[in-house]
Amino acid sequence: MARKPAAPPRDLQDFQEEIDQMIAQAEAHLGVAHGTIADVAEDSDYLAILKIHATIEPLINELLKENITRVLKHPKVSFPGADALAEFVLARNLDEKRTLAVKSELIDARRSEFIRNVANVRNRYAHNIKNISLSIPKVARKISPKDNGAAILRSLSNLKQPPSDFSLRIFLYWNFAFLLSEVIKGIKPPAWKGGGGILSTGEVGEISQTPSEEE
């Protein structure tokens, strides 16, 4: 009788369940069918990067718009041009919006670099049909031959050392899930139980590291 594969450790199962919840929350927020984003874990490298890029940009747009208008429509500010300013900002390209988001402390530098490198890999795929069959590590090496793509792969995986080609997709998916969760919290910050003004964002518990990121 064939032996069943060993079940993963419970802490890893719990971690994966949290990842799945983050992805499901993002799908619900975007109004897409369940599995649309989750399929990124199983898609080809080319399709995964295109989906990740296509998911990030509308959420960054929403993050900037909500925070610009939230601040400028505050009773103590009451700037009548808030909507016009938001429209102007959202007409910028993704790199400019990413830069504004990190300078406005809506995302941190690590998340900003993840977005930048997803865009770099996506653009390399999109600009030459010959690249479609290449893996993400091979595309990263083409973009940055001096370090063999190491900096890009570290950013995509959120690891201090580049992961193996086999494990990159796992860490990429986890890193993507954390970004989605953080951006959605920035779009719809939970109310602060202790009270405060309209701009209060509260404290929310979250996973800050993947199991392999621990020192």
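Table for the structure above
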{"item": "Scope the stretch 113-135; condition within 20 Å of the chain's Cα centre (by Cα) and of a type in the set (Val, Ile, Thr); matching residues", "result": "ILE115, VAL118, VAL121"}
{"item": "Failed item, numbered, when SER112 is tested on (1) out of contact with any Lys or Arg (no Cβ under 8 Å at 6 or more places or on another chain); (2) surrounded by 18 or more Cβ atoms within 10 Å (Cβ to Cβ); (3) free of Cβ contacts under 8 Å to residues at least 24 places away in the same chain", "result": "(1)"}
{"item": "Residue match in the stretch 156-176 (condition: closer than 13 Å to VAL118 by Cβ and β-branched (Val, Ile, Thr))", "result": "no"}
{"item": "Residue ID - modelled with the lowest pLDDT, chosen from residues in the stretch 1-13 that are over 16 Å from PHE171 (Cα atoms) and part of a helix (DSSP H, G or I)", "result": "ARG10"}
{"item": "Filtered residues of the stretch 135-156 (kept if crowded, with 18+ Cβ neighbours inside 10 Å, among the hydrophobic types (A, V, I, L, M, F, W, C) and either more than 16 Å from LYS51 (Cα to Cα) or in contact with a His (Cβ under 8 Å, 6 or more places away or on another chain) (or both))", "result": "VAL139, ALA140, ILE152, LEU153"}
{"item": "Count of the stretch 25-54 residues which are assigned to a helix (DSSP H, G or I) and exposed (fewer than 15 other Cβ atoms within 10 Å of the Cβ)", "result": "4"}
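So that you can scan it fast, the table gives a plain yes or no per residue for (1) in a loop (DSSP other than H, G, I, E, B); (2) farther than 16 Å from ILE56 by Cβ; (3) at pLDDT 95 or above:
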position: ARG122; (1), (2), (3): no, no, yes
position: ALA151; (1), (2), (3): no, yes, yes
position: LEU156; (1), (2), (3): no, no, yes
position: PRO162; (1), (2), (3): yes, yes, no
position: PHE166; (1), (2), (3): no, yes, no
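The values are calculated or read from the model by the stated rules, or taken from the named source; none is laboratory data. On a predicted model such as this, the values are computed, not experimentally measured, just so you know. Ideal geometry is used to build each Cβ from the backbone, glycine not excepted, and the neighbour counts take in all protein chains shown.
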